[in-house]
Amino acid sequence: SPQEPDIVVTTAAELQSALSPANAGARILVRAGVYDVSQALTVPDGATLVGEGVMSFDESGLPTGFDPSGRTLLKATPALAGDVLTLGDGATVRGLAIQDVVGRPVPGNVVAVSSRAAGDFISARIEECEIITPSLFVGSTGRGLVVMSLNPDLEPPHEGAVLRVQMSRSIVRSPGGA
């Protein structure tokens, strides 16, 4: 039987609050609906962020998107700076649609897994999610999923960092256009 959530979220403010480092290891349920995300979010280490979305699959078993009735959408607002959702070590996201918007002044990626220090180890999971990016070009931003070792001081990448993402039964799409 599914584990009972530690935290239940019904508003964007509650979502922001639930995704604090103090909730490492928590199971966070995000009720169906649209959540306007105006600040970059980070899923804490070991935490599981679960939406109520039920993924649909085609006859060959490939994901086609969420049934509209239970869809849980985290949607970036134009005010959001940087990546929409960053995953910590041991973090899992499931049953969520995560959408970026075109024209943000400080662009980013939809979902990011990035090193925090030299020698960092991050292993994260994305299960039955829909990642939507408006970007039609490949650059340093605008990707649906980015996995990158980095250094905030723009020096060489974090040496020895190991990053791993397991993505299953998920879809990344770009609707194109503005």
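The values are calculated or read from the model by the stated rules, or taken from the named source; none is laboratory data. This is a predicted model, so every value here is computed, not measured. All Cβ positions, glycine included, derive from the backbone under ideal geometry; neighbour counts span all protein chains shown. We work out accessible area using only protein heavy atoms, side chains counted, and drop any ligands, DNA or RNA first. Shrake-Rupley method; radii C 1.70, N 1.55, O 1.52, S 1.80 Å.
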task: Taking only segment 33-50 into account, find how many residues are part of a strand (DSSP E or B) and under 25 Å from ARG104 (Cα atoms).
output: 9
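Applying the selection to segment 6-20, what residues are in contact (Cβ under 8 Å) with a residue 40 or more places away in the chain and over 16 Å from the mean Cα position of the chain (by Cα)? Please lay out each step first, then the result.
Going residue by residue through segment 6-20, those that are in contact (Cβ under 8 Å) with a residue 40 or more places away in the chain are 15.
Once the filter is applied, which keeps residues that are in contact (Cβ under 8 Å) with a residue 40 or more places away in the chain and over 16 Å from the mean Cα position of the chain (by Cα), segment 6-20 yields nothing.
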- prompt: Name the residues in segment 78-102 that are in a loop (DSSP other than H, G, I, E, B), open to solvent by 10 Å² or more (accessible area, probe 1.4 Å) and modelled with pLDDT of 95 or more, would you?
  reply: ASP89, GLY90
query: Taking ALA32, is it in contact with a Gly (Cβ under 6 Å, 6 or more places away or on another chain), more than 26 Å from VAL147 (Cα to Cα) and at pLDDT 95 or above?
result: yes
message: Condition first: free of Cβ contacts under 8 Å to residues at least 40 places away in the same chain and not in a strand (DSSP E or B). Now tell me which residues in segment 111-136 satisfy that.
response: SER135
task: Mind listing just one residue for me: the one in segment 5-41 that is over 23 Å from PHE66 (Cβ atoms) and not aliphatic (A, V, I, L, M) and, of those, surrounded by the fewest Cβ atoms within 10 Å (Cβ to Cβ)?
output: PRO21
statement: By residue number, the members of segment 43-70 that are crowded, with 18+ Cβ neighbours inside 10 Å and under 19 Å from ASP6 (Cβ atoms) are VAL43, PRO44, ALA47, THR48, LEU49, VAL50, GLY51
- prompt: Considering only segment 121-162, how many residues are open to solvent by less than 70 Å² (accessible area, probe 1.4 Å) and either at pLDDT 90 or above or of a type in the set (Phe, Trp, Tyr) (or both)?
  reply: 10
query: Between a first residue in segment 44-64 that is under 15 Å from ARG169 (Cα atoms) and a second residue that is open to solvent by 10 Å² or more (accessible area, probe 1.4 Å) and among the acidic types (Asp, Glu), which pairs have beta carbons less than 6 Å apart while being 6 or more apart in sequence or on different chains?
result: VAL54/ASP67; MET55/GLU128; SER56/ASP67; THR64/ASP58
